[in-house]
Structures are given as C-alpha cells and as structure tokens.
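Contents: one structure, followed by commentary.
The values are calculated or read from the model by the stated rules, or taken from the named source; none is laboratory data. Owing to the predicted nature of the structure, the values given are computational and were not obtained by experimental measurement. Every residue, glycine as well, gets a Cβ built from its backbone with ideal geometry; the counts of neighbours run over all protein chains shown. Areas reflect the complete protein model, heavy atoms only, side chains present, ligands, DNA and RNA absent. Shrake-Rupley method; radii C 1.70, N 1.55, O 1.52, S 1.80 Å.
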Amino acid sequence: GGVSDGVVKIGVLGDMSGVYSTGFSGDGAVAAVKMAVRDFGGTVLGKPIEVISADHQNKADVASSTARKWIDEDHVDMITDLTNSAVALAVQKLASEKKVITMATGAATTALTGKDCTKYGIHYGYDTHALPVGTATAIVKNGGKSWYFITADYAFGHSLQDNTASVVKSLGGKVVGSSDVPLATTDFSSYLLQAQSSGAQVIGLANAGQDTVNAVKQAHEFGIVEGGQQLAGMLVLISDVKSLGTDIAKGLQFTSAWYWNHDDASRKWKAEYEKFSNGAAPTFPHAADYSLTMAYLKAIKAAGTDDPDAVRAELGKMKIDDFFAHGGTIRKDGLLVHDMYLLKVQSPKDGPWDVAEVVREIPGKDAFFSLADGGCPLVK
Amino acid sequence: MARTRVTQTVLWLLLLGFVLAAPAVLYPVFVMQLLCFALFACAFNLLIGFTGLLSFGHAAFFGGAAYVAGHALTVWGFPPLLGILTGTAFAAVLGYVVGALAIRRQGIYFAMITLALAQIVYFFALQLPFTGGENGLQGIPRGHLLGFIDLNRPLAMYYFVAAIFMAGFLFIYRIIHSPFGQVLQAVRENEPRALSLGYNVDRYKLIAFVLSAALSGLAGSTKCIVFQFASLTDAHWQMSGEVILMTLLGGLGTIFGPVVGAFIVVALQQVLSSIGSWVQVVIGATFIACVLLFRRGVIGEIEKLLKISSI
Amino acid sequence: MIRLILAQGMLGLNNGVFYAMLSLGLAIIFGLLNVVNFAHGALYMTGAFTALILYSYFGVWIGMEWLHIGFWPALVLVPLIVGCFGMLMERFMLRWLYGLDPIYSLLLTFGVTLVLQGLFINFFNASGTPYPGQPAALRGVVNLGFMMFPKYRLFVILFSIAVCLAVWYVIERTRIGALLRAGTENPELVKAFGINVPLMVTLTFGFGSGLAGLAGVLAAPIYSVSPLMGADLIIIIFAVVVIGGMGSIMGAVVTGFALGLIEGITKVFYAPAANTVIFFLMVVVLLVRPAGLFGRTR
Amino acid sequence: MTRTTTASSPASSPASSPAATAAAPPLLRIRDLHAWYGESHILHGLDLELNEGELITLLGRNGAGRTTTLRAIMGMVDRRTGSIEIGGEEFISKPAHRIAPLGRIGYCPEERGIFASLTVGENLMLPPAVGEGGMSLDEIFAMFPNLREVQGRMGTRLSGGEQQMLAMARILRTGARLLLLDEITEGLAPVIVKALGSAIRRLKDKGYTIVLVEQNFRFAAPLADRHYVIEHGKVIDRIEGAEVEASMDRLNHYLSV
Amino acid sequence: MSDYILETHDLQVDFGGFLAVRGVDLKIARGTIHAIIGPNGAGKTTVFNLLTKFHAPTAGRIVYNGTDITHWKPAEIANHGIVRSFQISAVFPHLTALENVRLALQRRLGVSYHFWRSRKVLQSLDREAMERLGQVGLQGFAQRRAVEMPYGRKRALEIATTLALEPELMLLDEPTQGMGTEDVGAVTDLIKKVSAGRTIVMVEHNLGVVAKLADAITVLNRGEVLAEGPYETVSKDPAVMEAYMGVSAEEASA
Ligand SMILES: Nc1ncnc2c1ncn2[C@@H]1O[C@H](COP(=O)(O)OP(=O)(O)OP(=O)(O)O)[C@@H](O)[C@H]1O
Ligand SMILES: Nc1ncnc2c1ncn2[C@@H]1O[C@H](COP(=O)(O)OP(=O)(O)OP(=O)(O)O)[C@@H](O)[C@H]1O
Ligand SMILES: [Mg+2]
Ligand SMILES: [Mg+2]
C-alpha cells in the first residue's frame, strides 16, 4: 500500500512544437493536467503530486526513450497525453511491460484498445471508430456516396480512413481512391487534384490539426469546392475551425468528444481553464486531459495506494461522470466509453469561440465499438 | 615516441575503465547509447579521417541496419547475435552499392552523392511495408544471447553492448594500423601518385567505404536491440550530420577522438533535453564553434598540446 | 488522364520554380566561392519568416498594430534583409575557411542551419503558420482549360523564370561574372589586378542568399511558413545541382524546372515515389555523365 | 596628387634615357623593404630604383627573394615594411587592390595565373584598365598571333607557352606603364623565348618601364639597362647594362651559371 | 622480343574538335633514353598523358612489349612496369621517406588489402627500402617526413620511390623544370645513373639536359612528328631549327 517513492508523478508526453501542439497537445494539455492537480488539492494520500512534461516531436522513438527514462530513472507513475497514435502505441506497450499506467488522449487509433491493447493502457476521450460514426453517417445520408480519402500516412490516418470507409460502405456508399500524405505536409495541391479527378462526391480528410487546415484552405484556393465536391474533415477541432475562418469552414460537420457551449458545467470549466492558462481557450483533448487526471487521482485515493494494479482496477470500477464525460466507464480493454457529439459550424453567437452548434448527441454505446468487436486479446 | 605511448596507454585504460564501471554510476541505457554512437562515429572516422572521404549519408547504414536487424529479430525470430550480424551484413552490401556509385566523384560531390543516395534509403525506410513507415519497428525483442543469457536483464544487456563496442573499436584500430591502412593514408595524401605506383585507388576507397558502412551497421543494429526500436530518426540526414559533428568535435583522423566526440554530443543532448528545441541551437552553435575555432577537435588539440600524433 | 498529367505538370513546374531559384543561388555560391552552402534552405526559410514577420509581427513590435508590411514591399525588403544576413555570415564566419577544404564550409553552414531552425522552432513552433499577406490582385483562379490554377502561382512561375534568366545572363555573359569566377580561383591575383575581391565575395554571397530569401517570400503564400520548410528542400536542391552539374548556372535553372515537372508527373502514376524520383535520376545521371548534365569537367 | 605628373600614356611619352631623367624622381623607388610570409622573414631591407622607361632585371639563385620582391610591391605578402614609392607617392600601406590602379602597374605572376574557369577571351579582358593607352586587341594579336585562334578555349587548356603569352597580353591591354614580369621565359621553347625577347624590346621602345625577374640571363642581358643581384632578400650588387661584359666573372660567381 | 619496348601507331586525340595530337608514331628502343621536345603547344604533355592513361586517345594504338595497352587503366600499366613521374614533386608528404619508398615495395608482398593484419608485416621491407634510399643519397633522411625535406631531396625521394617499383619504362615529365642550375646537374646525373637496364622517356625543354642524356629525340610540332633521330642530326635539321630554335636555316649556316 501507500505511495511509491513518496510522490505521485504524472508525465505529460505530448507534441509540444509540431502540428498537434496547438489544439491537441502542447502547453494547453500541460495546463489542463496541472489545473486538475490544483483542483484536486495538490496532494493525494498526503503525498505531493508532481507533473513533468516533455516533447515527443511526433517521433515514436523519441517518445519511447523518454518514457523509458521517465520510468527507469524518474519513477513516473502515469503517462498521459500521447497525442499521435504511433507515439501512443509505442509508449503504451513499453509502459505496460514495465507496469506503468498510460492514459492516452490526443491519440485516436482504435488499435490502442483493440489488437494492441494492454493491461495498463487506457484510451480516454475518442477514437477513430467514434469519429466517423457521427460525421460520415450524416454526410452519406445527405447523398455523399462516393468518397476519396486524403490520409495522414501513419497509424492514425490509416485507422481513421479504414473506420470511415467501413461506415461509408455499410451505408451503401463507396470509396473510389485515396492518397497517403506524410505528416506535416504543407502543399496538398497535388493530392487534391488527384481527388478532384477521381470524381468523388466527397473528399474525406483522414488527418488532423494543421494538416486538415492546410488541405481545406488549398481546396478552396484551387476552386475544388466551387467545382462541386464536398470536403469532410474527419477529425476537426474548434481551433481548426477558428483558424480556417467560419466562411471557409461554413457548413462543415464534425464529430467531437465535447463542446464547451453544450451545458453549464462545460461553460463553467472553460471559464476556469481560460483563467488558469492566461486566456487560451480549451479544446476537447484539453478537457479530456483534465478529466482523466481527476479520475486517476480519485482512483489512487480510493485504492489507498498508487500501485498500478490497484489503481487500474479502481479505474475500471469507477463511473466517470463530470463536465467532460457523461455516463462514462473504462472498459477492460482500456477504452473510455462516453457520449459524443456531431457539431456543425456556425457563425459565432456566444463569443469568438462559439463556432459550432451541437446537431446530435451520439450515445457512447453507438459511438464506440463493442468490447467483442475490438479484438483486444485481454478480452477472451 | 615515448610520450605518444604513455598517452595512448592512459587513454586505453580510461576507456576500458569507463566501459567496465560506467553502469554502476550512470543510467545503463544512456551508457549503451553512448557506446553505440561512439562506435558509429569511429566507423565514420575510418572513412573521413583515414581515407579522406566525407560521407554525408552514413545514417543510411546506421538506420538501415537497425531496420534489417529489427526485422530479423522480430519477424524471423533470429537470436540477438545473428540478428546483429544480419544488420551488419546488410549495411556492408548497401555500403558496396552506395560506395561504388559515390567514389566516381570526389570531395564535395562525393558528400552530396552519398547524401542523395542515403535519401533513397530513407525513402525505402518510409515506404517499404515491413518498416512500419512513420511508426518504425517497435518492440524488438532482446532475446537470449547464445540461448541462455537473458538480455532483458539490464546488466547482461549492458555488457553485451560493451563487448560489441570494444570488439568494433579494436577492429577499427587494427584496420588503421594494417598494410591496408598504410595504403589508405597514401591515397589520402596524394592520390595520383598512389595511382602511378600501381595502387587501384578506387578499390581501396571502396573497401574502406564498405568496412565503414558495415561497422556503422554494427552500431545501428546494436542500438536497435538496446532501444528495442528502429525508426526513421536513425536513417534521417540529420543523423548523418550528427555523426560528423561527433567525429569533428573529437578530432578527425584520431583514434580516440570520435569516442570523445560521441560522448560529448550524446551527453549534451541528454543534459539539454529539457530545454526543447534549444538543443538544436546549441548543437548547431557547437558545430560552428568547432569548425571556426578548433578544427582539430578535442583529441587533436591534446595531440598538439603534447606534440604527439596518432592517439 | 491527359488533363491530370497536365495539371500535375503545372503543379510540378510550380515546385520547380523553387528548385530552380534555390539551386541557382547555390550554384552561384558554389561556382564562384567554392562553398557548399548547406544553409541555403535555412535562408529560404528565413526569407519566408521575414515576410511573415513583416506582415504580422513587425507592426506589433514597434507598437503600431495597424502596420502590415505586405507582399510587394516584402518582395524587395526580404531579399535585402536575407542578403545582409548572408553577408554577415560570409564576413564573420565563412571568410575564415577559405583556402581550407570546402568540406569545412559545408559543415559550418550545416551548423548555421541547425541554429536557424532551432531558433525559429522556438519562437514559432515546428508546424506551419499561414502567411496572410497574399496580395489581393493575385487572388482567385485562372482557367487554364485543363485546370483551375491560382493566379498567384502563375505569377510565381513567370516571375521566377524572369529572375533566373536575368541572373544567368549577368553571370555567364558579362564581365561581372568573369570577374567573380576569376576571383574564386585566384583571389590574390585578381586583387593584384586592382579589384576589391573580399568585397566582391561578400556581395556575391549576399546576392546568392538574397535569391534564397526571394524564393522564401514567393513561397510564403503557397506553403505555410514553417521552420523545416528549407530542411526538406535543401537535399532535393543538392540533387538538382548534382544532376545539373555543380556550379553550372544554366544547369541549375533548367534542371530545377525540369525536375519539378518530372516530379509532378510522377505523382500521377505513383505518388509516393515522387519525392524520390529525383534521387533515382541523380543516380542514373551520375552513371552516364558523372559531371552532371551541364557540368564541364575542368 | 603627384600622379598627374606621371600619368602620360606610355605610348606617347618619349623613351627617356636614365641620364635625361636623373633630375626627375625615379618612377619606382624601394627603400629598406622587408617582407614576411607568416613567420618567415624573406626580404631583409631591399633597396632599388627605376626611372621611367628603364628596364631592370632582378637576378639571383632560386629562393633569393626575387618573386617576393614583386609580390611585395603588389601587396601580395602577409606583411611588409619600409618604403615603396611609385611616382613619388608612398604605397607601402595601400591595400592590395588599390596598388595596380594607383600605380598603373601590370603584374605577370610566376605561375602565370591563367584562370581555368574562364575562356581565353575572358582571361584577356579580365584585368580592368588602369590608365589610358592600353594596347588594342589587334595590336595584341599582332604581337602574339597564337592567341587569336584559341580565344574560345578554356584558359588552362592552353599549352604552357600559350598561357605565358596570354598572361603577358592581358596586362598590356590595361594601359599599365610599369610592368612586373616574373620568369616569363620559364618552360618556353627557344622560338617563343625569341619572340618574347623582341616583344619586350618593342615594349621598351614604346616607353614602358619594366622589371624583369629572370633565370635566363642570356635572355635578359641584351634587354636590360641595369641588373640587380639579390641574395637572401637583399640587393648585393648592381651592374649597369653597359658593364655586363666586364662583370661576367662576378655574375658567374653570384649565379653559378 | 621486339627491339622496341613501346610503340604508338597513328595516335590521335581530339579535344572537342581540336586535334592536339594527330597521327603520332613513336618507337622507343629498349634500354635507351628517349626525349620528346617541341615548341609550346606541340602536344608533348598530351602524348605523355596518353601514354600514361590520363587521357584516352580518340584513335590509334599503344603497344607495350608486344601487347596492346591502349585501353588499360593507370594502375594496370603501373603493375606492368610503366611508371611516370610528375611535374610537381609527387611524394606522400606526411609519411617518412622510408614509408614513401616502402609503399612502392609493399605491393609485391601481396598484403596491401589485408586490413586485418598488423602493419608490422611491412617491416620485412625496411632493409630494401633503406638500400633504395641509399641509391639516391637519402639514408640520413629515412625517418624524416617528406614535407620537411628540401625540394631537391623530395625530387630524389620521388625517383627512389619510382625505382623501387623496378620499372622497365620510366616516363619523366620535365624533370628539371623550376630547378636551379646546381640541382639540374644533380638530377641529370641521377637520371643517367638510373637509366642503366631500363628505358626512359622524358619531356624536357632544357636542351643542355637533352643533349647530355638523350639517345634519341622526337620533335613534335602542332601535334605531329617533325623529326626524329639522335641529337646531332635533329639539332641540325632545318625544319627543327625553324620551328623550335626559332632560327632560319640561313641564319644557322651563317
Ligand atoms: N608563400 C610562402 N610562404 C612561405 N615562404 C615562402 C612563400 N613563398 C616563398 N617563400 C620562401 O621565400 C623565399 C624567396 O622566394 P621567392 O619565390 O621570392 O624566390 P625567387 O628568388 O623568386 O626564386 P625562384 O627562382 O624559386 O622563383 C624562398 O626561401 C621561399 O621558400
Ligand atoms: N584537355 C584539353 N582540352 C583542349 N585542348 C587541350 C587540352 N589539353 C591540351 N590542349 C591543347 O593541346 C595543345 C597541346 O598541348 P600540350 O600541353 O600537350 O603542349 P606541350 O607540347 O606540352 O606544350 P608546353 O611545352 O608549352 O607545355 C595545346 O594547344 C593545348 O591548348
Ligand atoms: Mg621566383
Ligand atoms: Mg607541357
């Protein structure tokens, strides 16, 4: 029992300088974790809570050697953020071998809780299965039946494309082609032309962050949208909408794990966060970071120890119900199941960040795959 | 002469002492990283320091071997030693191909051609199905050495790596002090003359290139077992630049220089890792300072100070 | 299919603009000073950032938030600024390396690249920032028949062809060029003829750097401005210069445009190979013509 | 500026005998010249004088410092002290690139200094004019007919002799009136040496002032007004052209020819 | 075996339209010293470069000891006994004199590719290397690095190294160029001395040296052979006098 080494150490391993550093990860994520620690009281079981952070540069090897050192040398108890699926997969595997809990937020691949699930790995927030359930369904039902994908060429992009494609196909649509684009590409024009000449009705963007923003912008620059094709961002944050501007993003539908202007608790949390982080507005991964830190600390308190097995067991038993997650549970495969939202871009009404309205709430059981479908080896 | 011998002995003892005792004081993974890069730099130095060829593409051998060794260990289930040998052999073959193309030109052209060829290797590392693209090869098993030594035990792993390093280092030392090494030196000093004495200069250069590539591959394969990871970083041109920095910083064409240089660079990266991308700035500034102020490098300066050579 | 090939070819040509302008500067600096300027890509990146700073930050810094120095002024100012930076670099660093193996200048400029990249990453983070100052006159698209092509990109293609031709003319066909070439070969003697060689060298380096800066401004509205934009390009530029023949001005320009085109067309058939086709071509050229397509063996 | 007094073009100024100009200041006066390459001290207090229209030679064994003397005049050594007056003006502290235009000097270096990356034509046109009255291209081709055919070729594709002619030709174009010529007959066939000899005689007749560094005494003897013998960076003897016959023993001793 | 160690047949080279060498037939008799002279730009250096494979001929054949060597590589001809010297002194500057010479001897040992063996195996050659140094009077310099040696000594070292290969045919490119009078004498004597038992071809402008050494002379002019024969005949040939010495026949007879 008790707290190992007399301190609970949380490591935030995120993209601090790359394409995901605004929106998903970066300083905003560290702030969310720190704010949660503050709100929890700064200590747990009478021991101090410490937060450290590092930049993984979107490189799985950098991430894994940092994690290795954190675990071996700094005795970190839990590693979070892990934006970038390749990073998350690498770190989750390594940490679980060394019996350290990971709670990934920014990463999206379903593999984290599917075929690569681990005993101590938790996926908190959303995944590539949940995203298209809202967005792709809505678009196909509106008549967008043939799709061309522009895909970020790594674990996340492929996972997102595959999941979206199966939603499209299950609704009677078809996929006519795809282009794999390296992460952090700035010129999408040639891929967009390829997409244009495929004649698809919908160009699905299976990427995120700055990549999505650039792709959408250039599609407008080359007159592709005027040409009659529709863009579908499969992973869009409100910060992306903001940097695109609502006139370019107009009409865009996207799926989100949380929207700040949806209920009072969320509005209140956003205000708190902005105060804590010098005015920076939160995105849904930031909200998830806060929520998971709270959950983790509560689990330690409940278990009376920071022993990973005990804490993991406690997390599995908890009901997660806060401003972020409604009716959430962490399953055996590590996936947090909770409600998702389909949003639609609107002209701001309620302040500059009110860029979308909630079109539909998607209940957790519909948004996420079932325990049996995931293929997690821990689930016999 | 005597002074050279004494200094050399001191350096040998220091190195041996460090290799044996380091894991007691330092984080073993860090020391293993040091040794892998030191070996890489020594292999690189064999080429630039003793043959006069600046390759700007050595990451291809280092990273390429890591991928092949990683694949052999993970997918084919090779034991560790065989896996490392496979990676090394691959680097040698790759070195033969790259070398045969590149030695057609000299000097700066040579550097740029190696760079471009390494870029092709990088492309394969990114695109081939078995390399895992941006994800890299993860979770490479360490396995059992000779069937019974469990390399998952940190110290076993450490002394395995230390043995590989020492073997590689001694081998390089021997190459430099061989009849072959003598011809290399002649080629570096006056190529047309070596040619007119009947030495097939290109073949000597090529053999030196292959040896250097193979040893770089040895370092890369070893690193992939240490970190259980093979990634694009190892094959990226920035890695080729780093190994040049290590060698330059320690002293081009010296025997212990690259080891010292590698230690400094890796330690610097470790110490500075908390300041994010300022690391790049510091490394870049070191590069500049090194080129402008002490081209001889640490060991080179010591040589000058003690008025000796070849340490 | 034909339409797609044409369209990708146009885009390729658009990239070729940057290959040509950058390898041109590189070739001038190499041909005349025997310096392989690894920092050329970083100077290009610096050019793009300078344009961005002039537009978005400069006014704020001097307390005049309303001030946005736009694209057209930047087209003149940035090459001057980057050129001055290049001259400082030449004057205070590279100058000490003349007469040594050119490898040292390659390494020095490699160091400069790391420093510049690191600095910009620190202040602007590694991902791109869009350049908002694209001139209104060049907004919109032109219908080329086979595709809609942004006006701005068309402008960039035409503008840079003009720049390349002008530079080529000056270097290969005028006395200035002959002086520069002579000055690199035997500076002492050219000095003895009464020419201020160190100044000439500094100006030349400044000019080459300025070209990189100019390319940076042109690139800013197309690609987002990012600290790594030059790093990705410089390796390709090296290949262009090797294929064209090191130090050949014409070779650099023609090869730059041609490779952009080839790269674009490759995208139609096998997109992932587009980035590498240049390096394969380089290998082929080296096997057939070791001195490069336009290179003269001296 | 004393320059104006001596700036008349060589072609138009009358060939002046040493006696006639004895009153006028010498065109080139070197006093106590010291020169260094890095740490090595090569010239140790060299003195010499040269009037307008004269031709002198610097003789001496290999390594005596003759080339260095010319390079010191041109500012091509690492450090120099003493005094170098050209047309009455002090040049010792002028930067290298100001010396040729201000002194109207043409320098033909020992290793010829043909630029490999320039064509013959470009090599020829390279040095900027330093004064009026340089030779026209026609005059130059009349003097060195070989050069006309090879104009488009790259500089170092020329044979040794052709390079030497080019090196000479290119400074004659500039309007220099003081020529510093270093070992111009080295490695040349007798027929070319002969041609060069008559070319130099013609230049002298045109009023050029010439300093000739020569190994080939037989070539230099009939041309020179005066010989300076240099050893260890100093002038150790000075022999008037007219006295050469009488001084053969001395010369043989100095040069061991 | 033929009397001629080296023959060329209709040798020709074209530098982008300019025929620098046009149809040269050389016959070098075994055991002689053969000089090639001619006005500047005649193509002497170019012929030399053709013989030593630094250029490839556009047409013609080179026959060495009855074998066609037209398309051999530089290293290959060295292995068959043709060794050239360079105009600028060619030594390995940071190696000692002994190591310089040993490098020439080392190939014979067949260990030059043995990167796994210690350099100590080369010590067996030290005695012979010392002898070679002795031949040119450099015993005292054995442990000195070549950079530290005076010019004349470097030249001697270069010749010692060349001799260590026991070349059948030595090619010397302007061996006395840029030397003072004293050195010229010494080098001339050295060449005379080492010519015993081998063939030497040299390009030389110094007619004194040529007169003293050469058994036969080929005069080139504008890429063609103008005259051939011993010094006495060649130097009296009116065509040669006109083209090379620059005296017309009348002047000469006057
Ligand atoms: N760049 C240099 N650095 C150091 N010493 C030099 C340099 N150039 C020449 N020297 C030395 O200066 C001395 C004089 O050389 P200089 O070239 O003036 O001789 P010279 O009389 O012209 O003889 P030569 O017939 O060889 O041309 C020689 O001892 C030479 O070694
Ligand atoms: N690589 C080349 N390309 C074009 N022309 C060349 C080349 N090399 C030599 N030449 C030309 O060939 C001719 C012969 O040159 P070569 O150097 O053989 O003359 P040479 O007889 O050695 O004269 P010298 O005694 O002056 O050195 C010259 O006219 C020269 O310009
Ligand atoms: Mg001289
Ligand atoms: Mg010649």
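Listing for the model above:
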{"read-out": "About the Cα centre, charge dipole magnitude for the protein assembly as shown (Lys/Arg +1, Asp/Glu -1 at Cβ), debye", "value": "1260"}
{"read-out": "Accessible surface of chain D [probe 1.4 Å, protein heavy atoms]: carbon and sulfur percent", "value": "51"}
{"read-out": "At 1.567 mPa s and 4 °C, Stokes D of chain A from Kirkwood alpha-carbon radius, µm² per second", "value": "63"}
{"read-out": "Kirkwood Rh in Å, taken over all unlike Cα pairs in chain D", "value": "18.5"}
{"read-out": "Residue C:270 paired with residue E:211, simple spin-label distance in nm, labels 7 Å along Cα-to-beta-carbon", "value": "7.3"}
{"read-out": "Between helix A:130-141 and chain A: long-axis angle, C-alpha atoms, 0 to 90°, nearest 10", "value": "20"}
{"read-out": "Above-threshold pairs, the threshold being 22 Å between Cα atoms, out of E:27/E:154; E:27/E:212; A:242/A:365", "value": "E:27/E:154; A:242/A:365"}
{"read-out": "Under-5 Å amide H pairs with residue A:175, H placed in peptide plane, nonlocal only", "value": "A:147"}
{"read-out": "Shielding by partners - mean other protein chain Cβ count within 10 Å, residues of C:231-237", "value": "3"}
{"read-out": "Residue D:247 versus residue E:166: modelled label distance in nm, points set 7 Å from Cα along the beta carbon direction", "value": "5.6"}
{"read-out": "Set A:174/A:344; A:69/B:223; B:307/D:234; A:268/A:344 screened for pairs whose C-alpha atoms are more than 26 Å apart", "value": "B:307/D:234"}
{"read-out": "Under 24 Å from the Cα of residue D:204 - lysines, other chains or at least 8 residues apart", "value": "D:194"}
{"read-out": "Selected from D:242, A:130, A:84, residue furthest toward positive end of dipole (the protein assembly as shown; charges at beta carbon)", "value": "A:130"}
{"read-out": "Unit charges at the beta carbon, dipole of the stretch E:90-221: most positive-side option, E:146, E:190, E:109", "value": "E:109"}
{"read-out": "FRET efficiency for residue C:5 and residue B:155, using Cβ-Cβ distance with R0 set to 60 Å, rounded to 0.05", "value": "0.50"}
{"read-out": "Under 5 Å, built H, 5+ apart or other chain: amide partners of residue D:238", "value": "D:229"}
{"read-out": "More than 65 Å apart - percent of Cα-Cα pairs taken over the protein assembly as shown", "value": "24"}
{"read-out": "Whole-number percent relative contact order across the stretch D:113-175, with pairs defined as alpha carbons under 8 Å at least 6 apart", "value": "57"}
{"read-out": "Helical segments meeting 27 Å axial Cα length and Kyte-Doolittle 1.6 threshold in chain C (DSSP H)", "value": "C:2-33, C:71-92, C:102-124, C:197-219"}
{"read-out": "Alpha-carbon centroids, the stretch E:1-56 and the stretch D:183-257: separation in whole Å", "value": "35"}
{"read-out": "Highest to lowest packing among D:85-94, B:144-153, C:257-266, scored as the average C-beta count within 10 Å", "value": "C:257-266, D:85-94, B:144-153"}
{"read-out": "Neighbouring partner chain Cβ atoms per residue of B:101-112, average, 10 Å criterion", "value": "5"}
{"read-out": "Value of [θ]222 nm, deg cm²/dmol, for chain B, DSSP H segments ≥ 4, -39500 (n - 2.57) each, nearest 500", "value": "-25000 deg cm²/dmol"}
{"read-out": "Accessible area, probe 1.4 Å, largest first, for residues B:204, D:254", "value": "D:254, B:204"}
{"read-out": "Overall Cα dimensions of the stretch A:90-176, principal axis frame, Å, largest first", "value": "49, 21, 18"}
{"read-out": "³J(HN,Hα) computed for each position of the stretch E:218-234 - Karplus, 6.51 cos²θ - 1.76 cosθ + 1.60, integer Hz, glycine/proline x", "value": "10, 9, 9, 8, 6, x, 10, 6, 9, 7, 8, x, x, 3, 4, 5, 4"}
{"read-out": "Loss of accessible area when C meets B, both sides summed, Å² nearest 100, probe 1.4 Å", "value": "3700"}
{"read-out": "Tilt relative to chain E, helix E:151-164 - C-alpha long axis, 0 to 90 degrees, to 10", "value": "80"}
{"read-out": "Extension reserve of the residue B:106-residue B:304 stretch, reckoned as 0.36 nm per residue once the Cα distance is removed", "value": "68.4 nm"}
{"read-out": "Protection-proxy order for peptides A:192-201, B:31-40, C:161-170, each taking the mean of Cβ atoms within 10 Å per residue, highest first", "value": "B:31-40, A:192-201, C:161-170"}
{"read-out": "Backbone HN-Hα couplings from phi across the stretch A:294-308 [Karplus 6.51/-1.76/1.60, Hz, Gly and Pro as x]", "value": "4, 4, 5, 5, 4, 5, 4, 4, 5, 7, x, 7, 9, 4, x"}
{"read-out": "Amide H partners (placed H, <5 Å) of residue A:114, local residues excluded", "value": "none"}
{"read-out": "Coarse-grained scattering of the stretch B:28-235 at q = 0.12, 0.16, 0.18 Å⁻¹, given as base-10 log I(q)/I(0) from a Debye sum over alpha-carbon atoms", "value": "-0.59, -0.97, -1.16"}
{"read-out": "Rounded tilt (10° steps) of E:97-109 against the dominant C-alpha axis of chain E", "value": "90"}
{"read-out": "Kyte-Doolittle mean at least 1.6, axial Cα span of 15 Å or more - DSSP H helices of chain B", "value": "B:28-51, B:80-102, B:107-127, B:154-176, B:257-272, B:278-292"}
{"read-out": "Three-way shape label, the stretch E:92-165, alpha-carbon gyration tensor, a/c 1.5", "value": "prolate"}
{"read-out": "Whole-Å semi-axes of the ellipsoid equivalent to chain E (Cα gyration tensor, √5λ, descending)", "value": "34, 22, 15"}
{"read-out": "Longest exposed-site-free window of chain A, the sites being GluC sites (Glu not before Pro) in a DSSP loop that have at most 15 other C-beta atoms within 10 Å", "value": "A:227-380"}
{"read-out": "Accessible surface of residue C:288 - all protein chains present, 1.4 Å probe, nearest 10 Å²", "value": "110"}
{"read-out": "J(HN,Hα) series, the stretch D:234-241, from Karplus relation 6.51 cos²θ - 1.76 cosθ + 1.60, nearest Hz, glycine and proline x", "value": "9, 7, 9, 7, 9, 10, 5, x"}
{"read-out": "The stretch C:184-258 - percent of accessible surface contributed by carbon and sulfur, probe 1.4 Å", "value": "70"}
{"read-out": "Pairwise label distance in nanometres, residue C:58 with residue D:153, each label 7 Å out on the Cα-Cβ vector", "value": "5.4"}
{"read-out": "Efficiency of FRET from Cβ geometry, residue A:350 and residue C:136, R₀ 25 Å, rounded to 0.05", "value": "0.20"}
{"read-out": "Cβ neighbours within 10 Å from other chains - mean over A:56-63", "value": "5"}
{"read-out": "FRET E, pair residue C:92, residue A:310, Förster distance 45 Å, beta-carbon r, rounded to 0.05", "value": "0.15"}
{"read-out": "Where only alpha carbons of the stretch A:22-168 are counted, the Rg and the Dmax (Å)", "value": "17.3, 58"}
{"read-out": "Selected from B:120, B:299, B:244 as most flexible by GNM, with chain B as the system and alpha-carbon contacts under 10 Å", "value": "B:120"}
